[in-house]
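Let me begin by presenting the structure, written as structure tokens, before commenting on it.
Taken together, the values in this text are just the output of simple stated rules run on the coordinates, not laboratory data. All values derive from a computational prediction rather than experimental measurement. Here Cβ is always computed from backbone atoms with ideal geometry, including for glycine, and neighbour counts include all displayed protein chains.
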Amino acid sequence: GVGGMLLLLLTAVMHLPPRMIALVTAAFAVPWILLSQVASREYIATVRRRISSRRLDFEAARIDPLDRATIRLLEETAESANPRQSAYAIGVLAEIEDYRIEPLLARHAGDDAVAIRRKVLEVAAAKKVPGLERMARAELARSDSAADAAAAYLLAVSSDPAETVARLLEEPDSRIAEAAAHAGWAEMHGKTVRLDWVERAAHDADPKRRHLAAAALSLAGEEGIPLLRELLQDADAEVVREAVSSAARLRDRSLLFALLPLVARTELRADVLEALAAYGDSICGTLSELLNDETLPLNIRVQAPRALKLIRTQRSVDVLVNAIGHGNLAIRESVLRALNSIRNREPGLDYHRAFVTEQILAEARYYFELNAALSAFRERKQPRTAAGLLARTMEQRLEQAVGRLFRLLGLRYPPREIYSAYLAWSSRNADNLSAALEFLDETIDHDLKRVVLPMLDEPDHLQELGRRLYGFEPRTAESAIRELISSRDPWLVACAIAAAGELKLAALLPEIELASRGGDNSVRQIADEAVAVLAW
């Protein structure tokens with residue numbers, strides 16, 4: 001645009017002949033050449049910085065991998081004394097189409113740094129580069145070896161991978177045998193492992209041998225399932241973790257009932273959830289049943305949404321959406337977190353907008369209903385009293401309800417912006433709150449706006465809003481506790497029963513006795529104590 005304007009100026013206004021315009025163009029070309037040299041140096045510096053931080057991404061960055069200066073810089077980095085940067089540069093060069101990586105791999109095959117040898121073997125396995133078999137076998141024998149990468153390479157270039165795995169599994173060194181088991185793939189199941197030695201290893205007193213058996217069973221097929229089920233109950237956590245990994249590779253449904261109880265173990269939870277997610281869509285129905293099974297402990301049921309979060313398909317979304325309104329708040333919170341996580345990664349799935357809208361309104365109604373119950377206890381916040389604990393618990397539940405409401409909004413509207421609005425509202429800063437409310441006013445639909453905005457913007461008028469929107473009148477202590485005892489929040493029920501006993505509300509005895517018969521252990525214990533006090 002500027003060039004066109006200059007051309008008009010030089011011709012129409014200054015009436016310069018074409019020869020003079022050529023001279024002006026040449027004059028502009030000189031600083032352009034100098035600036036291009038500066039830009040080139042900055043370009044190389046940018047590549048160098050990204051190599052240093054291992055963030056060179058050809059797809060995301062505006063860098064031409066075919067540029068000779070870039071390739072030369074990567075080659076120099078691959079020959080550098082820094083093993084981390086050298087290994088990274090080798091990996092980047094391997095991703096460049098038509099680049100001959102074989103000479104570079106051959107030069108670094110005997111490198112002293114294990115990180116570089118590992119990268120050489122990983123690249124060679126991915127590209128099936130022959131000629132490094134001797135180096136891979138030597139790698140298996142080294143004490144500081146990348147045995148897993150060496151085994152994977154030998155399988156990748158072998159004419160008979162199953163025979164290669166079977167031979168490596170017989171090695172007396174358990175490191176080599178485990179590396180072979182990890183390098184094998186599904187088509188080898190039942191072809192490579194002799195169950196006699198695996199059974200001996202599975203019952204060995206040495207946990208390292210049992211660990212090896214757990215790894216080898218990933219290639220044993222159906223015949224090894226009973227042994228694997230035993231190892232999932234092993235006393236050693238590392239053996240169980242390896243057994244969980246093998247179960248994830250086998251994906252045999254009969255192992256599910258051995259895997260599910262393990263989600264209650266904190267040190268194994270992440271591995272078990274990954275294993276459950278490895279089953280894919282086929283496990284969604286089972287996880288739905290697990291989530292809704294009232295006979296199971298809560299600490300197991302709340303893990304079902306976390307496994308569904310890792311599957312990230314429409315079927316997992318459907319299961320989670322159906323559980324949005326679950327009566328247990330811990331499960332509801334876990335469900336919403338899972339849905340928000342999937343929404344951020346898979347925005348194209350169907351999140352059932354109409355149903356989510358109903359749940360947003362239901363969450364708002366719960367908020368106003370709980371606020372009406374809190375009105376009877378606002379002046380009873382004395383510490384170390386049951387009534388004070390009940391008031392603080394209700395205030396906490398109100399804050400959690402707002403958090404769930406924003407999570408629901410994130411399923412209908414842009415999630416990142418909704419999360420920013422939640423952070424702004426949570427900051428209690430007047431300017432941030434104003435910006436958040438303005439964004440919500442412009443974004444959410446009218447049927448939600450008339451409920452959500454007043455709820456967030458007018459904390460001093462919540463009782464009046466609850467009366468106007470839903471007809472909720474302020475509660476007395478007795479009526480509030482009666483409603484809370486019938487809720488499905490165990491801790492809130494326990495606090496309400498304790499407050500009833502403290503306030504000597506004998507009229508609530510029938511409700512408390514009913515809660516004692518149907519509640520969990522903590523509720524029953526507090527209810528029995530309250531009944532004893534009120535019946536005295």
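Before moving on, here are some points about what is shown:
- Per-peptide average of other Cβ atoms within 10 Å, ordering 345-355, 211-221 highest first: 211-221, 345-355
- Between helix 329-345 and the chain: long-axis angle, C-alpha atoms, 0 to 90°, nearest 10: 30
- Helix-derived mean residue ellipticity, 222 nm - over the chain, DSSP H n ≥ 4, -39500 (n - 2.57), to 500: -21000 deg cm²/dmol
- The overall shape of region 271-360, judged from the alpha-carbon gyration tensor, is oblate: a/c is not under 1.5, and a/b is no greater than b/c.
- Cα centroid separation, region 115-180 to region 356-429 (Å): 56
- Kirkwood Rh in Å, taken over region 112-255 so that all alpha-carbon pairs contribute: 15.3
- Annotation: region 413-536 has a Kirkwood hydrodynamic radius of 17.2 angstrom, from the mean reciprocal C-alpha pair distance.
- Principal-axis tilt of helix 269-278 within the chain, Cα atoms, nearest 10 degrees: 70
- Size descriptor for region 81-187, Kirkwood hydrodynamic radius: 13.9 Å (Cα pairs only, one decimal).
- Nearby lysines by direct alpha-carbon distance to Lys119 (threshold 18 angstrom, same-chain neighbours under 8 apart not counted): Lys127, Lys128
- Rel. contact order, % - alpha carbon contacts under 8 angstrom, at least six apart, the chain: 6
- Overall form of region 65-117 per C-alpha gyration tensor (a/c, 1.5; a/b vs b/c): prolate
- More than 32 angstrom apart: percent of Cα pairs within the chain: 65
- Per residue, the convex hull spanned by the alpha carbons of region 447-519 comes to 117 Å³.
- Using alpha-carbon coordinates, inclination of helix 509-518 to the longest axis of the chain, degrees: 40
- Total formal charge among the other residues, if their Cβ is under 12 angstrom from that of Leu231, Lys/Arg +1 and Asp/Glu -1: -3
- Burial ranking of peptide ranges 8-21, 297-310, 446-459 (average Cβ count within 10 Å, highest at the top): 297-310, 446-459, 8-21
- Built from the Cα atoms of region 191-294, the convex hull projects on average onto 6.5 nm², one quarter of its surface area.
- Global geometry of region 245-315, whether rounded, prolate or oblate, following the gyration tensor of its Cα atoms and the 1.5 cut on a/c: rounded
- Overall, the ratio between the Cα radius of gyration of region 298-405 and 2.2 N^0.38 Å, rounded to two decimals, is 1.26.
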